[in-house]
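To start, the structure itself, in structure tokens.
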Amino acid sequence: MTKIWDRARALATKSVAAPLWLASLVIVPETVAADLADIQWSSTLSFDREMQMTWDEGTLNTEFAAAPSFLTTAKTSTSLPNGAHLSFGADVLLTGNGVATTNGETELEGGLSFNYRQKFGTNNDWQYQVRGESDILMSNEELVFQRQRLGFHLKYRLSPEHSTAGFVRFGYRDQNDDRLLGYDQTEFLGSLTHTWRPEDSDLTFAGTVYTETRRADYAQYSYDEVGLRFMARTPLSETNEMTARLSIYQREFQDGYSATNPTHRDDTRIKLSVEVEHTFSDQLSGSAYAGWDGNGSTISGLSYDGPIAGVAITYQWQ
């Protein structure tokens, strides 16, 4: 019965979510189209040392790897007559050797998105958002996966200092079976976030609790995850800002790790980083971060810990 439900959920997510958000990209009132013509472009060149997990002929490998990446984004937005805010985005990410794949492949990821935001209630204390995304990942000119996601966000401002937001997201990942069989996944994510901005202060604190479920064609790739995320941000000067992040999660898989290793995989991961951003001008900014990433797993080869770091520079073309 569980497998029947999982397949039904996959079909519903794929057949309903994708057409819904795709339709929003093309059904735009003529009165809005002119405002959407003003596109904001940005490009980011970065170099990061991060933990990468990659599949190699059915075996999962872990390795800290460092390499450059180049991200270009485009965004256009407008205010609608009813007071709502509508935006569309596109991005292309090129990742060099050693990052995202440990076998030296170069990856190209592209995505499209839309976001509809509307405030309501007394003093506009409530706000809801609908967001759709579609992504595709290529590796050495070969398709890796296609993925569609649809999310709903509801936020309530309790006071000028405090706000709470709930978020749910559904998704479907269509994996290239020639690269990894049985990895097609349905996704569900639910989270609750509270944000606090102390009075007469530029500090911002946020905490999130979430749960995520992914169900794949093969149970060994299916898991349930619960986690916590914390963020603290403060300006250091007019041109510098510092952000600290901490994330913790526990992930439990539904079946044995592999045909030759029936051990159930359970992971507990802790990641901490501190980032400093500097604004050089209205168009140019840079950032650098450092931190630690550690994972404890029932599969010995998937346990790791080590330092992470990265630098980036971003240019706003408009």
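Here are the numbers:
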{"quantity": "Test result for Thr193, touching an Asp or Glu at 6+ places or on another chain (Cβ under 9 Å), closer than 29 Å to Ser69 by Cβ and surrounded by 15 or more Cβ atoms within 10 Å (Cβ to Cβ)", "calculated": "no"}
{"quantity": "Residues located in the stretch 245-282, provided they are among the small types (Gly, Ala, Ser) and buried (at least 16 other Cβ atoms within 10 Å of the Cβ)", "calculated": "Ser247, Ser273"}
{"quantity": "Some residue of the stretch 293-304 being crowded, with 16+ Cβ neighbours inside 10 Å, more than 18 Å from Ser46 (Cβ to Cβ), aromatic (Phe, Trp, Tyr) and under 18 Å from the mean Cα position of the chain (by Cα)", "calculated": "no"}
{"quantity": "Residue, modelled with the lowest pLDDT, within the stretch 199-239, restricted to residues that are of a type in the set (A, V, I, L, M, F, W, C) and closer than 19 Å to Thr298 by Cβ", "calculated": "Ala219"}
{"quantity": "Residue tally, condition loosely packed, with under 14 Cβ neighbours inside 10 Å and not in a strand (DSSP E or B), over the stretch 114-159", "calculated": "8"}
{"quantity": "Residue within the stretch 30-50 that is at pLDDT below 90 and closer than 28 Å to Ser303 by Cβ present", "calculated": "yes"}
{"quantity": "Residue that is surrounded by the most Cβ atoms within 10 Å (Cβ to Cβ), among those in the stretch 160-184 that are of a type in the set (S, T, N, Q) and at pLDDT below 95", "calculated": "Gln175"}
{"quantity": "Number of positions in the stretch 230-281 that are in a loop (DSSP other than H, G, I, E, B) and either under 30 Å from Asp217 (Cβ atoms) or not aliphatic (A, V, I, L, M) (or both)", "calculated": "12"}
{"quantity": "Which listed residue, of Thr243, Thr234, Thr186, is among the β-branched types (Val, Ile, Thr), within 25 Å of Ile308 (Cα to Cα) and touching a Lys or Arg at 6+ places or on another chain (Cβ under 8 Å)", "calculated": "Thr243"}
{"quantity": "Any hit, the stretch 277-296, residues being in contact with a Lys or Arg (Cβ under 9 Å, 6 or more places away or on another chain) and among the aliphatic types (A, V, I, L, M)", "calculated": "no"}
{"quantity": "Residues satisfying the stated conditions in the stretch 276-299, i.e. closer than 23 Å to Glu63 by Cβ and not aliphatic (A, V, I, L, M)", "calculated": "Tyr289, Gly291, Trp292, Asp293, Gly294, Asn295, Gly296, Ser297, Thr298"}
{"quantity": "Positions within the stretch 196-214 being within 12 Å of Phe167 (Cβ to Cβ), among the polar types (S, T, N, Q) and loosely packed, with under 15 Cβ neighbours inside 10 Å, in sequence order", "calculated": "Thr211"}
{"quantity": "Checking Gly171 against (1) in a strand (DSSP E or B); (2) within 27 Å of Phe230 (Cα to Cα); (3) without any contact (Cβ under 8 Å) to a residue 40 or more places away in the chain, the condition it does not meet", "calculated": "(3)"}
{"quantity": "Hits in the stretch 189-225 (condition: more than 30 Å from Asp177 (Cβ to Cβ) and among the aliphatic types (A, V, I, L, M))", "calculated": "Leu192, Leu203, Ala206, Val209"}
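Residue-wise test of (1) out of contact with any strand residue (DSSP E or B) (no Cβ under 6 Å at 6 or more places or on another chain); (2) within 30 Å of Ile136 (Cβ to Cβ).
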{"position": "Leu154", "(1), (2)": "no, yes"}
{"position": "Arg157", "(1), (2)": "no, no"}
{"position": "Ala165", "(1), (2)": "no, yes"}
{"position": "Glu187", "(1), (2)": "no, yes"}
{"position": "Ser201", "(1), (2)": "yes, no"}
{"position": "Thr213", "(1), (2)": "no, yes"}
{"position": "Arg233", "(1), (2)": "no, no"}
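The values are calculated or read from the model by the stated rules, or taken from the named source; none is laboratory data. Keep in mind that this is a model prediction, so the values were computed, not measured. Heads up, the Cβs are rebuilt from the backbone with ideal geometry, glycines too, and the neighbour counts pull from every protein chain shown.
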